[in-house]
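So the structure is just underneath, and the comments pick up after that.
The values are calculated or read from the model by the stated rules, or taken from the named source; none is laboratory data. Everything numeric in this text was worked out from a predicted model, so none of it was measured. For neighbour counting, all protein chains shown are included, and Cβ atoms are generated from backbone atoms with ideal geometry for every residue, glycine included.
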Amino acid sequence: MSDRQSVEAIEFRQAMRNLASGVSIVATGTALGRRGLTVSSITSLCMEPPCLLVGINASSETHNTILANGAFGVSLLSGNQQDLALRFAGRHGADGVHRFDTALWEQGILDVPVLQSAVCVLECVLHHHQVVGTHGIFIGRVIATRSAEGNPLINFRGELRTLPCG
């Protein structure tokens, strides 16, 4: 089976646009060393131990900063945080630590940045890392969580949308 060709990247991207996914900010570091980016490729992996899987482009600053720090925070965004999602995706020209300027952040128990107004926060220690193609796969063991009320922000067919709850 290894002699089969993969689909073209554009075809794969078009297919995956049909998978609705939550939008989060993954962040790490302290003070001027904070780095973060918008991520839609997060999923729970297992319950024992509680782990999640995050895919991050290996060329991003955040990728290498997570490797250096060994911990990261995941802030699941709410529907009214589209501008923040775009900012951390690099759409507003802010980069590095300046992405954190427009929202209230705190350092979690693992000393990683977490968004105060997130629908949910998960703090993780790095359990495993593997590079596959252009991206690093991070498996984080979840050390702490915090949840709040709010409708989640999702990415579907290349657009940010709010998923109404209740």
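Tabulated results
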quantity	calculated
Filter pass, Val97 being surrounded by 14 or more Cβ atoms within 10 Å (Cβ to Cβ) and in contact with a strand residue (DSSP E or B) (Cβ under 8 Å, 6 or more places away or on another chain)	yes
Matching option when the condition is outside any helix (DSSP H, G or I) and either at pLDDT below 95 or out of contact with any Lys or Arg (no Cβ under 9 Å at 6 or more places or on another chain) (or both), among Gly36, Gly73	Gly73
Hits in region 152-163 - residues which are closer than 11 Å to Leu76 by Cβ and touching a helix residue (DSSP H, G or I) at 6+ places or on another chain (Cβ under 6 Å)	Leu153
Cβ-Cβ under 8 Å pairs, at least 6 apart or on other chains, region 10-38 side free of Cβ contacts under 8 Å to residues at least 24 places away in the same chain, far side of a type in the set (Ser, Thr, Tyr) and surrounded by fewer than 19 Cβ atoms within 10 Å (Cβ to Cβ)	Phe12/Ser6
Residues within region 42-70 that are part of a helix (DSSP H, G or I) and more than 26 Å from Gly150 (Cβ to Cβ), tallied	7
Scope region 62-92; condition surrounded by fewer than 18 Cβ atoms within 10 Å (Cβ to Cβ) and among the hydrophobic types (A, V, I, L, M, F, W, C); matching residues	Leu67, Ala68, Leu86, Ala89
Those residues of region 101-160 which are among the charged types (D, E, K, R), more than 21 Å from Ser60 (Cα to Cα) and either free of Cβ contacts under 8 Å to residues at least 12 places away in the same chain or surrounded by fewer than 16 Cβ atoms within 10 Å (Cβ to Cβ) (or both), in sequence order	Glu106, Arg146, Glu149, Arg157, Glu159
Single residue of region 103-136 satisfying the filter (within 14 Å of Gly55 (Cα to Cα) and among the polar types (S, T, N, Q)) that is modelled with the highest pLDDT	Gln130
